[in-house]
Amino acid sequence: MLSFHSVSKIYGNYVALDGVSFRVAEHEFVSIVGRSGAGKSTIVKLVLREEEPTRGKISFKGSDLMSLKGKNVASYRRRIGTVFQDFRLLPSKNVYENVAFAMEAGGRSEEEIVRDVPQVLEIVDLGKKAANFPQELSGGEKQRVSLARALVQRPEVILADEPTGNLDPIHTWEIMKLLLKINEFGTAIVLATHDKEVVDFLKRRVITLENGKVVRDEEKGIYRL
Amino acid sequence: MNNFRRIFKYGWLGFSRNIWISTATISIMTLALSVVSGLLLLHNITGTFVRDLEQKIDVSVYLKQETEESKVKELTAALKSRADVMEVEYVSRDQALEIFKNRHKDNELLITSLKELDQNPFQGSLNIKAQKASQFEAIVSFLEGYAGKEIIEKVNYRENETVIKKLTAITSSIQKIGLFFAALLSLVVILVTFNTIRLVIYNYRDEISIMKLVGAGDWFIRGPFIVAGSLYGVFSAILAWVAFFFIVWVISQKTGALFPGTDILAYWSGNFFWTIFLLVSLGVGLGVLSSFIAIRRYLKV
Ligand SMILES: Nc1ncnc2c1ncn2[C@@H]1O[C@H](COP(=O)(O)OP(=O)(O)OP(=O)(O)O)[C@@H](O)[C@H]1O
Ligand SMILES: [Mg+2]
């Protein structure tokens with residue numbers, strides 16, 4: 001459903017991604033691993049169309065991302081749930097409103113919102129923090145709000161950029177179990193991480209990046225750099 | 001529409017959370033709308049004033065003593081058939097005598113000396129009211145060229161015309177100056193509002209980029225700014241209207257006698273709906289236009 005065809009991304013004269021090609025099938029669970037600076041977040045940004053590829057082509061369900069215009073970009077983004085490495089929460093909105101905003105933007109009804117938002121906040125164990133603002137949350141809590149916001153849109157793919165980077169082991173395993181369950185129900189998952197334990201536990205496909213290049217792409221891979 | 005309601009909600013939030021940034025915008029907009037209100041009132045005052053004066057304008061035609069009634073009827077009919085003539089009133093010699101007697105019934109000397117005359121000394125007359133002040137020159141020249149003009153002794157008219165001409169000239173130049181200021185102020189309003197919205201967009205740039213990334217569409221992001229712009233208009237219009245209500249109230253206390261027949265307070269509150277409608281639409285128009293320009297320039301999507 002998602003494919004990169006020799007995609008390069010060059011910032012100024014720094015090559016962040018260099019001829020990256022891969023494909024993610026529907027229902028697949030793919031981990032992208034690599035050292036800090038290897039280009040994992042860059043892939044996420046390109047998929048979201050936050051950045052444009054310098055060369056190459058990215059397509060989602062057969063259509064070239066760069067051919068999307070205006071309104072279609074927004075509705076495309078709603079089909080993708082993203083957990084941002086830097087959370088990207090709206091500072092002027094509380095936890096509940098942050099999660100609800102994604103649904104509002106998608107034109108969901110008020111009934112759906114009052115039904116789904118508390119539920120998803122319960123799932124990420126933030127039921128008690130619904131009225132708090134982002135600046136009042138710990139890093140791990142913000143990360144879980146970001147995850148809740150991605151989940152609530154019922155996306156076709158979840159892009160999770162270090163979703164467990166700030167979490168303690170207990171929360172890490174809970175989130176991983178959650179992602180696995182969502183994947184079982186049919187949502188494809190692209191997980192960017194450098195958590196060796198998580199990757200080794202998953203025993204799913206692993207794409208390894210090094211200096212912006214794909215150096216390994218293995219089914220049932222393990223974390224090795 | 002869910003989205004419409006939400007856009008309105010976020011517009012209101014943006015407006016109320018940035019109320020201090022918005023204050024400048026609202027003040028300048030209130031000022032501009034007050035100038036417009038002033039123009040409206042001026043237009044109304046001079047309008048009724050001039051209409052009043054015009055009502056008083058008439059041409060009097062004095063008829064020769066021995067004029068036959070039938071000739072008078074002909075002239076009356078000819079005048080009435082003209083579009084510029086509003087009203088023709090015939091005062092016969094007898095009526096003129098009666099009016100004179102009535103007016104001077106306390107003056108013994110006049111009444112007795114009148115009785116000593118063996119003949120009614122008064123002339124019959126036609127009082128003609130024109131539709132407009134500017135038209136009675138035409139009426140006079142019609143009378144001068146009238147075929148049966150031998151029955152006319154004299155044509156007279158009151159001199160209100162020059163007053164009216166002066167008044168209309170003065171008010172029309174006041175109105176031109178007022179319009180010029182209103183236009184100038186509107187320009188300032190657009191600049192200030194534009195700048196306010198630009199500032200708000202700048203303050204929220206990070207939030208806006210996040211909103212886009214979680215799939216908010218163009219109008220879901222832009223709409224609230226348009227709503228905020230129109231809210232400036234609504235609030236300024238209400239402020240200007242209320243401010244003018246008080247100004248007019250104070251003025252009318254003092255000048256009720258100055259402009260007889262023009263109760264500006266009654267006018268201002270009596271025309272609540274259309275004056276407020278005019279101010280609100282002007283304010284909203286300016287606000288929406290400015291936020292639209294700001295969005296076009298600073299909210300690239
Ligand atoms: N806007 C930018 N301008 C210049 N260089 C950039 C920009 N964004 C990213 N880079 C560079 O591109 C490289 C890849 O960045 P990226 O964020 O994809 O790394 P990452 O694999 O996600 O790392 P981490 O594990 O630390 O999150 C880095 O060297 C980074 O400095
Ligand atoms: Mg990263």
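The values are calculated or read from the model by the stated rules, or taken from the named source; none is laboratory data. Just so you know, these numbers come straight off a predicted model, no measurement behind them. Cβ placement follows ideal geometry from the backbone for every residue including glycine, while neighbour counts extend to all protein chains displayed.
Of the residues making up region A:44-92, just one is more than 16 Å from ligand 1 (Cβ to nearest atom) and among the acidic types (Asp, Glu), namely A:Asp64. Among the residues of region B:172-216, just one is surrounded by fewer than 18 Cβ atoms within 10 Å (Cβ to Cβ), within 14 Å of chain A (Cβ to nearest Cβ) and among the basic types (Lys, Arg), namely B:Arg205. A:Leu225 meets all of the listed conditions (1) within 16 Å of ligand 2 (Cβ to nearest atom); (2) modelled with pLDDT of 95 or more but one, namely (2).
If you go through region A:109-168 and keep only what is in contact (Cβ under 8 Å) with a residue 40 or more places away in the chain, aliphatic (A, V, I, L, M) and within 16 Å of ligand 1 (Cβ to nearest atom), you end up with A:Leu159, A:Ala160. Which residues, taken from region A:5-43, are near ligand 1 (Cβ under 8 Å from one of its atoms) and within 19 Å of A:Pro163 (Cα to Cα)? A:Gly34, A:Arg35, A:Ser36, A:Gly37, A:Ala38, A:Gly39, A:Lys40, A:Ser41, A:Thr42, A:Ile43 - these are the residues of region A:5-43 that are near ligand 1 (Cβ under 8 Å from one of its atoms) and within 19 Å of A:Pro163 (Cα to Cα).
Scanning region A:6-29 for residues being within 16 Å of ligand 2 (Cβ to nearest atom) and closer than 29 Å to A:Leu180 by Cα gives a total of 2.
Being within 8 Å of another protein chain (Cβ to nearest Cβ), under 21 Å from the mean Cα position of the chain (by Cα), of a type in the set (A, V, I, L, M, F, W, C) and crowded, with 20+ Cβ neighbours inside 10 Å is a condition met by no residue of region A:119-136. Taking region B:17-110 and the helices (runs of 4 or more DSSP H) fully enclosed by it, no element has 3 or more residues that are over 30 Å from B:Thr196 (Cβ atoms) and touching a Pro at 6+ places or on another chain (Cβ under 8 Å).
Among the listed residues A:Ser63, A:Ser36, A:Ser3, identify the single one that is more than 16 Å from the chain's Cα centre (by Cα) and away from ligand 2 (no atom under 15 Å from the Cβ). Step through it out loud before you land on a result.
Numbers: A:Ser36 fails: away from ligand 2 (no atom under 15 Å from the Cβ); A:Ser3 fails: more than 16 Å from the chain's Cα centre (by Cα).
Among A:Ser63, A:Ser36, A:Ser3, only A:Ser63 is more than 16 Å from the chain's Cα centre (by Cα) and away from ligand 2 (no atom under 15 Å from the Cβ).
Residues of region A:9-21 that are of a type outside the set (Val, Ile, Thr) and closer than 10 Å to A:Gly39 by Cβ: A:Lys9, A:Ala16, A:Leu17, A:Asp18. Within region B:129-156, the set of residues being outside any loop (DSSP other than H, G, I, E, B) and hydroxyl-bearing (Ser, Thr, Tyr) comprises B:Ser134, B:Ser141. Checking each residue in region A:127-156 for being modelled with pLDDT of 95 or more and farther than 19 Å from A:Val117 by Cα picks out A:Gln135, A:Glu136. Restricting attention to region A:173-225, the residues that are out of contact with any strand residue (DSSP E or B) (no Cβ under 8 Å at 6 or more places or on another chain), in a helix (DSSP H, G or I) and more than 16 Å from A:Ile158 (Cβ to Cβ) total 5. Can you say whether B:Leu179 is at pLDDT 90 or above, closer than 30 Å to B:Thr23 by Cα and of a type outside the set (S, T, N, Q), as far as the supplied structure shows? No: the conditions fail for B:Leu179. All conditions but one from (1) within 13 Å of chain B (Cβ to nearest Cβ); (2) β-branched (Val, Ile, Thr); (3) in contact with a Leu (Cβ under 8 Å, 6 or more places away or on another chain) apply to A:Val73; the one that does not is (3).
Among the residues of region A:10-21, is any within 14 Å of chain B (Cβ to nearest Cβ), surrounded by fewer than 22 Cβ atoms within 10 Å (Cβ to Cβ) and on the phi > 0 side of the Ramachandran plot?
Of the residues in region A:10-21, the ones within 14 Å of chain B (Cβ to nearest Cβ) are none.
No, region A:10-21 contains no residue that is within 14 Å of chain B (Cβ to nearest Cβ), surrounded by fewer than 22 Cβ atoms within 10 Å (Cβ to Cβ) and on the phi > 0 side of the Ramachandran plot.
How many residues, within region A:95-105, are at the interface with chain B (Cβ under 8 Å from one of its Cβ atoms) and either over 18 Å from the mean Cα position of the chain (by Cα) or farther than 13 Å from B:Phe220 by Cβ (or both)?
So the count comes out to 2.
Selection of region B:10-22 for residues being in contact (Cβ under 8 Å) with a residue 60 or more places away in the chain and either away from chain A (no Cβ under 12 Å) or surrounded by fewer than 15 Cβ atoms within 10 Å (Cβ to Cβ) (or both) yields B:Gly11, B:Trp12, B:Phe15, B:Ile21, B:Ser22. Listed by first and then second residue, the pairs with beta-carbon distance under 7 Å, at least 6 apart or on different chains, first residue in region A:170-198 and closer than 26 Å to A:Lys45 by Cβ, second acidic (Asp, Glu) and part of a strand (DSSP E or B), are A:Ala192/A:Asp161.
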